[in-house]
1. Just to be sure before I move on: is GLY673 more than 31 Å from the chain's Cα centre (by Cα), in contact (Cβ under 8 Å) with a residue 60 or more places away in the chain and open to solvent by 40 Å² or more (accessible area, probe 1.4 Å) in the structure I sent?
2. For the subset of region 454-486 comprising residues that are among the acidic types (Asp, Glu) and assigned to a helix (DSSP H, G or I), which member is least open to solvent (accessible area, probe 1.4 Å)?
3. Taking region 450-474 as the region of interest, how many residues are under 15 Å from VAL370 (Cα atoms) and of a type in the set (S, T, N, Q)?
4. Within region 116-131, can one find any residue that is under 30 Å from LYS528 (Cβ atoms), at pLDDT 90 or above, among the small types (Gly, Ala, Ser) and surrounded by fewer than 19 Cβ atoms within 10 Å (Cβ to Cβ)?
5. In the list SER186, SER208, which residue meets the criterion of being touching a helix residue (DSSP H, G or I) at 6+ places or on another chain (Cβ under 6 Å), over 12 Å from GLU462 (Cα atoms) and either at pLDDT 95 or above or not in a loop (DSSP other than H, G, I, E, B) (or both)?
6. Applying the selection to region 664-706, what residues are farther than 20 Å from VAL642 by Cβ, in contact with a strand residue (DSSP E or B) (Cβ under 8 Å, 6 or more places away or on another chain) and in a loop (DSSP other than H, G, I, E, B)?
7. Please go through (1) open to solvent by less than 10 Å² (accessible area, probe 1.4 Å); (2) in contact with a Leu (Cβ under 9 Å, 6 or more places away or on another chain) for CYS252 and return the number of the only condition it doesn't satisfy.
Amino acid sequence: HPTMPVSRHTGQLPESTWTLSIREMTEPWKGAVGCLGVAVFFAMTIGIISWQALEQPPEEWVLRGRAGGLLWERRRGALVLRALPAGRPVLVVHVGSVPATEPPPPRDHCWHDGTQFCYSWEENAELRISLEPHGGPGTECYGVCWTPLRPDVALKDCFSMANVSWYGGPSTRAQRWPLNDAESPSQPFVTGDLGTNPGGFGPVLDRSFLGSTGVTVTVAPDVPLLLSLESHQHFCLETPAGQEEPLKYLLCVRGWASSLASCAGTNLDAHPCRSPMWRYQGPEGSAAKIRRGLRSLVRRLKRHHLQEGVVVLGERGTTILAAQVGSSCHPLGSWGAWHRQSNKLPFPFFSLLQDQVPSELRERQEVALVEPLELSITLSPYASITSPLFLQSLQHGQPTGHWLSRQPRPGGTSIPLLTSWKGQLCARLNVTSEAALTWYLARARRLQQALGASYMIFEGVEGNSFLEQDVPPPKELAGDEYTRVLAAALATLGNGTVIISAGARSSHLPLFIQMSPLRSDWSHAGLKGLIPSVLHYSLLGYNFFIPDSVGGSLAGDSTGDPELFVRWLQIVTFLPVMAFGTPPWLCCDSWVVNLTRECIQKHRDFVVPLLLKHTEEWQRLGQPIFRPAWWLSPTDPTAFTVEDEFLIGDEVLVAPITEKGQRWRDIYLPGEGHLWLDTSSARVFDGGTTLRNYSASLAQVPVFIK
């Protein structure tokens, strides 16, 4: 700080006079002088504080570029990103790693380099901010790196939601759009199964967060990350204490459209499915019962003129059929005897992957089960510890080669990392072993051929088995590396015929993503969460997804409600795939069955060609196929929170009903200067406006064409 001005000179008193005067003072006068001294001291202290408050600005430039700059706000201990030349604040980062009251000094440690700012808080953390050269046209990026100076320092930065709507990041059980309404405690930022852990993060997430002010926050992929969401307050990025890992992320200020394109992927080979998917929910006690159940389902579909599509067989049904067709082909050569003795199936399917392909005659018999429909089977990377496959690997001393294992102590042996899967104790495929992956994929291909399946669904792709058991993962499996590596391997099985249960940095692969199951009700964990999930998946680049079954697959307050089924059906008609669990003739009357048939026809004739058209645009420009209202109205605050309608490209707006008993709704028409045609009434409306109380009967879904 600058030195204080020298006080006015009062002259020097002769020493003898001063001493004599003191001696002659009475006690009351001595007290008065003492009080005066104390008063002068406090006055000077208050003056210094006031001078500092008045002379030093509340914000100080830390690093300044052409399009924006970062400032340090002293009062809150926050970094403020402002867009230039107007100085509009686009982001506030509350710093939790250092004392908020301690500002950086006027001179940083990297003063000789105009593209960097460096400063260390003693015994806490070191901050380094740098201008990054790879921002692209109209974009300016700042690299932020916090490094802990003590093992017990947990780095934490919180990004304010005040006046900013946030998108991207994780999927959650009750998906919200934007993320401002979401709530989550601090937890590892990894994919998870919302069925077994409803409070965790879902199967699709990305380390990029997009703000409505045109700012993006992207966390480095190698950072062990914790994320928390506090509704309407902030979201926080944090590193685990005790690991001395840096917290690194990139802040970018850019144009709105380029911000979105940077978040989207380019899935080059997947295409929407013209035919619906019918999930088999019949008896599974034996292979014979499954065959009878499949034939019964096919007959009923034919009877209701719904005979096109794909029949989806779950993991248990796949396991039973695999055991029956290949009992003599198991690597141990003793599967049939083992099954007869135990009278149990070594579920999941991994235990039954066969070494040889059954005869062509048997394959034709399996295909004939669902003709003229196609068959989809379900697999997973888990093996029951009671299965011959797992026991054989132990006998041959190969657990480290095929299964995830705990890190051995010096001189010790590896022990398989056991985990729970669908109520059973299992081992999990070791995706870091090339030999194990090759072995796994070869058996999956053989099983697909043996059962005559057109599609394969892989469940259990999500999650970090080490973190779930508080075991430090190996570096090559940190975060979501398991999901990423396994997804890349599964993509080699076929173009657009493989469906996986999770995605992490895999939106560029030719895979379908299975959405999380939803509750059979009208809440955000049910129907209201469907459109926010669609927008979230598409924004992250996962445009080809399979929504949950019409009506929801988890028990809820409205299970079997015909109105819920109809409103759900109207939404999935405009998505890449229509999936059904409960057939319409079991939940509803003939009117709903006829409506289902009409919606399937509309999906095939209108929606699929539209999606294929915008797939080409997505591949060329990286822009999502399913877009939020603010895509056409990037400066209208009203558009930022519209979560119950979506665009297909820029030309079709779908605004369904998501409230029980409602026959009208408010519809926001984006794009000021555009015109929108109601496909039902042929009426035309101006963009940039809201239609109040717009009518939509139970048989209608409002659809507008630009």
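The values are calculated or read from the model by the stated rules, or taken from the named source; none is laboratory data. Computed from a predicted model, the values in this text were never measured in an experiment. Note: ideal-geometry Cβ built from the backbone for every residue, glycine included; neighbour counts use all protein chains shown. All accessible areas refer to the heavy atoms of the entire protein, side chains included, with ligands and DNA or RNA removed. Shrake-Rupley method; radii C 1.70, N 1.55, O 1.52, S 1.80 Å.
1. Working: more than 31 Å from the chain's Cα centre (by Cα): yes; in contact (Cβ under 8 Å) with a residue 60 or more places away in the chain: no; open to solvent by 40 Å² or more (accessible area, probe 1.4 Å): yes.
Spelling it out, it is not the case that GLY673 is more than 31 Å from the chain's Cα centre (by Cα), in contact (Cβ under 8 Å) with a residue 60 or more places away in the chain and open to solvent by 40 Å² or more (accessible area, probe 1.4 Å).
2. Kept after step one, since they are among the acidic types (Asp, Glu), are these residues of region 454-486: 459, 462, 468, 470, 476, 480-481.
Still in the running and assigned to a helix (DSSP H, G or I): 468, 476, 481.
On the way: GLU468: 119, GLU476: 102, GLU481: 33 Å².
Filtering region 454-486 for residues that are among the acidic types (Asp, Glu) and assigned to a helix (DSSP H, G or I), the one least open to solvent (accessible area, probe 1.4 Å) comes out as GLU481.
3. Here is the first cut: in region 450-474, the ones under 15 Å from VAL370 (Cα atoms) are 450-455.
Restricting the remaining residues to those that are of a type in the set (S, T, N, Q) gives 454.
Matching residues across region 450-474 total 1.
4. First pass over region 116-131, keeping only residues under 30 Å from LYS528 (Cβ atoms): none.
No, region 116-131 contains no residue that is under 30 Å from LYS528 (Cβ atoms), at pLDDT 90 or above, among the small types (Gly, Ala, Ser) and surrounded by fewer than 19 Cβ atoms within 10 Å (Cβ to Cβ).
5. Working: SER186 fails: touching a helix residue (DSSP H, G or I) at 6+ places or on another chain (Cβ under 6 Å).
Of the residues listed, the single one that is touching a helix residue (DSSP H, G or I) at 6+ places or on another chain (Cβ under 6 Å), over 12 Å from GLU462 (Cα atoms) and either at pLDDT 95 or above or not in a loop (DSSP other than H, G, I, E, B) (or both) is SER208.
6. As a first pass, look at region 664-706 and keep what is farther than 20 Å from VAL642 by Cβ: 680-684, 697-699.
From what's left, in contact with a strand residue (DSSP E or B) (Cβ under 8 Å, 6 or more places away or on another chain): 680, 683-684.
Across region 664-706, the qualifying residues are SER680, ARG683.
7. (2)
Quick grid of which residues meet (1) farther than 23 Å from ILE377 by Cβ; (2) over 29 Å from the mean Cα position of the chain (by Cα):
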site: SER405; (1), (2): yes, no
site: GLY423; (1), (2): no, no
site: ALA427; (1), (2): no, no
site: THR432; (1), (2): yes, no
site: ALA435; (1), (2): yes, yes
site: ALA444; (1), (2): no, no
site: LEU447; (1), (2): no, yes
